Amino acid sequence: MIAPRIEVDLAKIRHNTRYLVDRLTSRGISVTAVTKAVCGHPGIAQAMLDGGAVELGESRLRNVERLRQAGITAPIALIRTPMASQTDQVVLCCDTSYNTEIEVIARLGAAARRNGSVHNIVLMVEMGDMRDGILPENLQGVAAQVRALPGVALTGIGANYACLGGAVPDAAGMAGFSAIARETAAACGPCMDTVSGGNSANLPWALGHGPKGCINNLRLGEAILLGVEPVSGDQIDGLHTDAFTLIAEVIEAKVKPGPTALRPAPDQVQPVRSIVAIGKQDTDISGLALPEGITCLGATSDHMVVQTTAARLRVGGEVRFLMNYSALMRAMAAPDIAAVMVGDTPPRERDTASCDGPRLALA
Ligand SMILES: *Cc1c(COP(=O)(O)O)cnc(C)c1O
C-alpha cells in the first residue's frame with residue numbers, strides 16, 4: 001500500500017463526536033466541530049456532522065473552500081479572525097466568522113452587501129489566554145458598533161482558553177464569561193444566539209456538575225479527533241484515541257556496530273538500526289508513539305532512525321504510529337502523506353470505545 005499514509009477510522013470519529021454531542025446536549029451545549037487539524041478534510045468533516053455536530057469550525061479559508069468544493073453545505077464558522085484581504089471570499093463560503101477588529105468587520109459587512117447577504121459575527125473576548133480577543137471593557141462598545149453596521153449581524157460572543165497563555169477554563173472564569181454575555185445582551189438586545197465557551201480544554205468544566213451559566217456552544221477539535229483533553233493529555237473516558245494511525249515504510253535494516261566505545265559486548269544482543277521513510281518535513285517526530293520494542297534514535301528531514309532489539313524490521317515492512325495533536329496536524333498537511341479512510345461503515349447506534357491508558361472520567 002501507499003506509504004507514508006494516515007489511516008483514518010471514520011467510525012471512530014463519528015463515535016467520538018456522537019458521544020460528546022450526547023453528553024453536551026443534555027447540558028444545553030451544542031458542538032462546533034473543528035476541522036483545522038485535518039486541513040478541512042471533507043470525509044472527516046462529514047463524519048463529525050453525522051455524529052451530531054451542528055456546525056464546522058475552521059481557521060483557514062483554504063480549508064473552508066475545500067469543504068465547500070466537496071459539497072458540504074453545513075454552517076461553517078471561520079474561528080480565526082479573518083484577514084482583511086480575504087473578506088470577499090469569507091462572506092461567500094462562511095456563514096459566520098469570529099472577529100476582534102472593527103475594520104475587518106466593516107469590510108465583511110461591505111462584502112456581504114455586495115453579495116446580497118448578511119454575514120454573522122461572533123466577537124471573540126479576551127479571557128486571559130492573551131491570544132485573540134477584545135478586552136472585556138471594550139466589548140460593549142465594539143458590539144454597539146457592529147450592530148450599527150450594515151451587512152453584518154452580531155450573533156454572539158466567544159472565549160478561547162489554554163491555547164497560548166495557557167489560561168485554563170475554571171468555574172470562576174466561565175461564570176465571568178457568562179456574566180459578560182448577560183451584560184452584552186442587556187446592552188445590545190437579544191444578540192447572544194451563540195455563547196461559545198471555548199475548546200476541548202473546556203470539557204472537564206462543561207461535563208462537570210457545576211452551573212453552565214449561559215454558555216451554549218463549544219468548539220471541539222482535539223477531543224473529537226484524538227479522544228484526549230489537551231491540558232492534561234488524559235484520555236476522555238468513552239472516546240477512541242486511535243482514530244488516526246500514521247504508517248511509514250522501512251527502507252534500511254542493519255546491525256551497525258558504530259564507534260568502538262559504544263559497541264555492546266559480543267555476547268550481548270546486537271541492536272538493529274532501521275530507517276523509516278518519514279522525517280521532520282512530514283510530521284512532529286517527537287509527537288509519535290512508537291510500537292513496543294522500537295525506540296527512536298533520531299530523525300532528520302526525511303529519515304527516522306529506530307532501534308529494535310526483539311523483532312527485526314524488514315526492508316519494505318511498515319511501522320505504525322499513533323500521533324499527538326502536533327504530529328497529526330503536521331502529518332495531515334504534509335503533501336507526501338496520503339490520507340486513507342477506513343471503518344466507513346454506516347453509523348451504529350452504540351459503538352463502544354476500547355482504549356487503554358490513563359483516562360479522564362467525565363461525569
Ligand atoms: C483550534 C481552535 C479550537 C479547537 O481547539 P481544540 O483544542 O482542538 O478543541 C477552538 N477554537 C479556536 C478559536 C481554535 O483556534
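Only helices (runs of 4 or more DSSP H) wholly contained in segment 51-122 count here; list those with 1 or more residues that are of a type in the set (Val, Ile, Thr) and within 24 Å of the chain's Cα centre (by Cα).
61-69, 87-93
So in segment 219-240, with the set limited to residues that are away from the ligand (no atom under 14 Å from the Cβ) and touching a helix residue (DSSP H, G or I) at 6+ places or on another chain (Cβ under 7 Å), which one is nearest to Leu20 (Cα to Cα)?
Filtering first and then ranking leaves Gly238.
Within segment 224-238, can one find any residue that is open to solvent by 20 Å² or more (accessible area, probe 1.4 Å), hydroxyl-bearing (Ser, Thr, Tyr) and in contact (Cβ under 8 Å) with a residue 24 or more places away in the chain?
Looking for residues that are open to solvent by 20 Å² or more (accessible area, probe 1.4 Å), hydroxyl-bearing (Ser, Thr, Tyr) and in contact (Cβ under 8 Å) with a residue 24 or more places away in the chain, one finds at least one in segment 224-238, hence yes.
Could you please let me know if Ala206 is within 16 Å of the ligand (Cβ to nearest atom) and either under 26 Å from Glu58 (Cβ atoms) or of a type in the set (Asp, Glu) (or both)?
Taking the combined requirement at face value, the residue satisfies it.
Against the condition under 28 Å from Pro259 (Cβ atoms), surrounded by 12 or more Cβ atoms within 10 Å (Cβ to Cβ) and at pLDDT 80 or above, how does Arg320 come out, does it pass?
When the stated conditions are applied, Arg320 does not pass them.
Given the criterion of a type outside the set (Phe, Trp, Tyr), open to solvent by 10 Å² or more (accessible area, probe 1.4 Å) and within 11 Å of the ligand (Cβ to nearest atom), identify the matching residue among Asn199, Asn216.
Asn199
Looking at (1) away from the ligand (no atom under 16 Å from the Cβ); (2) open to solvent by 60 Å² or more (accessible area, probe 1.4 Å); (3) of a type in the set (A, V, I, L, M), which is the one condition that is false for Val54?
Against the list (1) away from the ligand (no atom under 16 Å from the Cβ); (2) open to solvent by 60 Å² or more (accessible area, probe 1.4 Å); (3) of a type in the set (A, V, I, L, M), Val54 comes up short only on (1).
Pick from Val104, Val118, Val90: which is of a type in the set (A, V, I, L, M), open to solvent by less than 10 Å² (accessible area, probe 1.4 Å) and either in contact (Cβ under 8 Å) with a residue 12 or more places away in the chain or touching an Asp or Glu at 6+ places or on another chain (Cβ under 8 Å) (or both)?
Residue meeting the stated conditions: Val90.
Quick check on my filter: what residues within segment 264-283 are open to solvent by 30 Å² or more (accessible area, probe 1.4 Å) and either closer than 8 Å to His303 by Cα or at pLDDT 85 or above (or both)?
Passing the criteria: Arg273, Ala277, Lys280, Gln281.
List the residue pairs whose Cβ atoms are under 8 Å apart, where the first residue sits in segment 13-30 and is over 15 Å from Val54 (Cβ atoms) and hydroxyl-bearing (Ser, Thr, Tyr), the second is modelled with pLDDT under 95 and open to solvent by 20 Å² or more (accessible area, probe 1.4 Å), and the two are 6 or more positions apart or on different chains.
Tyr19/Ala353
Does Ala261 fit the bill of being modelled with pLDDT under 95, away from the ligand (no atom under 16 Å from the Cβ) and more than 30 Å from Gln281 (Cα to Cα)?
Against the criterion (modelled with pLDDT under 95, away from the ligand (no atom under 16 Å from the Cβ) and more than 30 Å from Gln281 (Cα to Cα)), Ala261 qualifies.
If you take the residues in segment 149-165 that are touching a residue at least 40 places away in the same chain (Cβ under 8 Å) and open to solvent by 10 Å² or more (accessible area, probe 1.4 Å), which one is farthest from Ile121 (Cα to Cα)?
Among residues in segment 149-165 that are touching a residue at least 40 places away in the same chain (Cβ under 8 Å) and open to solvent by 10 Å² or more (accessible area, probe 1.4 Å), the one farthest from Ile121 (Cα to Cα) is Ala162.
Tell me, which residue of segment 239-269 that is among the charged types (D, E, K, R) and touching a residue at least 40 places away in the same chain (Cβ under 8 Å) is nearest to Asp9 (Cα to Cα)?
Asp242
Here is a check on your reading of the model: is Ala187 crowded, with 16+ Cβ neighbours inside 10 Å and closer than 19 Å to Met124 by Cβ?
no
Within segment 249-258, identify whether any single residue is within 30 Å of Asn16 (Cβ to Cβ), open to solvent by 50 Å² or more (accessible area, probe 1.4 Å), away from the ligand (no atom under 16 Å from the Cβ) and not basic (Lys, Arg), and answer yes or no.
Among the residues of segment 249-258, at least one is within 30 Å of Asn16 (Cβ to Cβ), open to solvent by 50 Å² or more (accessible area, probe 1.4 Å), away from the ligand (no atom under 16 Å from the Cβ) and not basic (Lys, Arg), which makes the answer yes.
Can you tell me which residue is nearest to the ligand (Cβ to nearest atom) among those in segment 138-148 that are surrounded by fewer than 16 Cβ atoms within 10 Å (Cβ to Cβ) and either under 28 Å from Pro230 (Cβ atoms) or without any contact (Cβ under 8 Å) to a residue 40 or more places away in the chain (or both)?
It comes out as Asn138.
Can you work out which of the residues in segment 31-50 that are open to solvent by 20 Å² or more (accessible area, probe 1.4 Å) and in contact (Cβ under 8 Å) with a residue 40 or more places away in the chain is nearest to the chain's Cα centre (by Cα)?
The qualifying residue nearest to the chain's Cα centre (by Cα) is Lys36.
Which of (1) among the aliphatic types (A, V, I, L, M); (2) modelled with pLDDT of 95 or more; (3) within 24 Å of Pro190 (Cβ to Cβ) does Ala45 not meet, given it meets every other one?
The one condition Ala45 does not meet is (3).
Which residues, counting only those in segment 158-193, are within 16 Å of the ligand (Cβ to nearest atom) and either under 20 Å from the mean Cα position of the chain (by Cα) or among the basic types (Lys, Arg) (or both)?
Gly158, Ala159, Asn160, Tyr161, Ala162, Cys163, Leu164, Gly165, Gly166, Ala167, Val168, Pro169
The values are calculated or read from the model by the stated rules, or taken from the named source; none is laboratory data. None of the values given here were measured: they were computed from a predicted structure. No Cβ is skipped: glycine too gets one built from the backbone with ideal geometry, and neighbour counts run over all protein chains shown. Keep in mind that these areas ignore ligands, DNA and RNA; they rest on the heavy atoms of the full protein, side chains included. Shrake-Rupley method; radii C 1.70, N 1.55, O 1.52, S 1.80 Å.
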